[in-house]
Amino acid sequence: MKISFSTLGCPRWSWQEIVATACDLGYGGVEVRGVGKDISVPSVPAFSDENLERTKAELARMGLSIPCLDSDCCIHLRDAQKATDEEIRAYIRLAQKLGVPYVRVMATAPVPQPVGTVDEAYVRDHALALGHEAMACGVKLLIETHGVWSDSERLARLMSTIGCEGVGVLWDVHHPYRFMHERPSVTLANLRPWLCHTHVKDSVATEDGYRYAMPGFGDLPLEEIVGTLKDGGYEGFYSLEWVKRWDMTLEEPGIVFAHYANYMRTL
């Protein structure tokens with residue numbers, strides 16, 4: 001089983017602290033969603049042209065890879081298309097230089113809950129155009145089960161209309177189960193043709209919604225999810241997305257990253 005953690009979970013750490021911890025805890029990869037004050041990955045000093053080769057060599061020496069670069073680019077926003085496309089292209093170029101296979105994009109409002117509306121035809125056309133650009137660079141854009149796309153049947157319909165090898169799916173295992181009450185087998189059956197990467201998180205249902213919990217301490221059926229993925233032939237990363245950057249009351253990354261590595265080995 002290949003495990004990684006997102007840098008979203010350690011917003012105060014330097015790049016050196018991040019990779020050293022991943023190596024020490026036996027992780028196979030580090031998913032990048034900002035480092036320190038730089039939330040835009042192409043702006044991170046470790047990935048500048050002058051530091052890039054050193055960073056790649058360091059990752060290789062530690063036996064680490066970067067499975068995905070996570071952007072917050074919203075491809076459903078027609079009014080922001082020019083700026084969005086420029087930023088996505090910067091991510092694609094960086095992914096190509098690093099040998100990273102995937103770049104995550106957003107296709108709905110940047111909140112987990114399925115709220116608001118999207119112009120599905122516009123998302124389809126925009127994703128298709130950008131997907132061809134990504135594919136030409138050996139990179140694939142991933143649309144996440146997030147917001148309105150937590151409905152995996154709806155996301156599957158979108159992916160069927162896109163029909164481009166440069167666009168795939170990232171299954172955030174939390175959202176379809178928590179918001180749409182989908183069983184893992186249903187989500188996987190809907191998304192399997194396009195599934196490339198996963199985000200793992202856990203939470204506890206509350207009267208007013210939910211609160212995040214360390215994996216295994218919530219009420220998501222993580223054992224069932226992992227079993228379903230394994231039985232379905234999934235061979236990608238199981239990447240912990242601990243949203244510490246957005247909620248500083250959550251447990252500290254050193255505790256959670258160590259726990260996740262141990263927990264996933266039990267599965």
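The values are calculated or read from the model by the stated rules, or taken from the named source; none is laboratory data. All values reported here derive from a predicted model rather than from experimental measurement. Don't worry about glycine lacking a Cβ; one is built from the backbone with ideal geometry, like all the others, and counts go over all protein chains shown. Ligands, DNA and RNA are stripped out before the accessible areas are found, and what is left, the full protein with its side chains, is counted by its heavy atoms. Shrake-Rupley method; radii C 1.70, N 1.55, O 1.52, S 1.80 Å.
A few points about this structure:
- Filter pass, V226 being surrounded by fewer than 22 Cβ atoms within 10 Å (Cβ to Cβ), touching a residue at least 40 places away in the same chain (Cβ under 8 Å), in a loop (DSSP other than H, G, I, E, B) and not small (G, A, S): no
- Within region 66-99, the set of residues being without any contact (Cβ under 8 Å) to a residue 40 or more places away in the chain and among the hydroxyl-bearing types (S, T, Y) comprises S71, T84.
- Annotation note: Cβ proximity below 6 Å between a residue of region 234-259 that is at negative phi and part of a helix (DSSP H, G or I) and a residue that is at pLDDT below 95 and charged (D, E, K, R) (sequence gap 6+ or interchain) occurs for no pair.
- Residues that are of a type in the set (F, W, Y) and without any contact (Cβ under 8 Å) to a residue 60 or more places away in the chain within region 100-139 comprise just one, Y122.
- Taken over region 236-267, the criterion of being among the basic types (K, R) and either more than 19 Å from V19 (Cα to Cα) or open to solvent by 80 Å² or more (accessible area, probe 1.4 Å) (or both) is satisfied by R265 alone.
- Close contacts from region 46-65, counting a first residue that is under 11 Å from G29 (Cα atoms) and a second that is open to solvent by 30 Å² or more (accessible area, probe 1.4 Å), with Cβ to Cβ under 6 Å and a gap of 6+ residues or different chains, come to M62/C23.
- Filtered residue count, region 34-51, keeping only those that are open to solvent by 50 Å² or more (accessible area, probe 1.4 Å) and farther than 12 Å from A90 by Cα: 5
- Some residue of region 159-178 being under 20 Å from V111 (Cβ atoms) and over 18 Å from the mean Cα position of the chain (by Cα): no
- Checking L142 against (1) free of Cβ contacts under 8 Å to residues at least 12 places away in the same chain; (2) touching a Lys or Arg at 6+ places or on another chain (Cβ under 7 Å), the condition it does not meet: (1)
- Here D219 meets the list (1) of a type outside the set (A, V, I, L, M, F, W, C); (2) out of contact with any strand residue (DSSP E or B) (no Cβ under 8 Å at 6 or more places or on another chain); (3) open to solvent by 50 Å² or more (accessible area, probe 1.4 Å); (4) assigned to a loop (DSSP other than H, G, I, E, B) almost entirely, failing just condition (2).
- Residue match in region 191-212 (condition: over 28 Å from W15 (Cα atoms), assigned to a loop (DSSP other than H, G, I, E, B) and free of Cβ contacts under 8 Å to residues at least 40 places away in the same chain): yes
- Considering residues of region 4-52 that are outside any loop (DSSP other than H, G, I, E, B), charged (D, E, K, R) and over 24 Å from D172 (Cα atoms) only, the residue nearest to the chain's Cα centre (by Cα): E17
- Pick from region 179-199, criterion open to solvent by 10 Å² or more (accessible area, probe 1.4 Å) and under 17 Å from the mean Cα position of the chain (by Cα), ranking: nearest to A213 (Cα to Cα): L188
- Top-ranked residue of region 102-146 - restricted to ones that are open to solvent by less than 30 Å² (accessible area, probe 1.4 Å) and part of a strand (DSSP E or B), ranked as nearest to I92 (Cα to Cα): V103
- Selection count where residues are of a type in the set (S, T, N, Q), surrounded by 18 or more Cβ atoms within 10 Å (Cβ to Cβ) and part of a helix (DSSP H, G or I), scope region 53-94: 2
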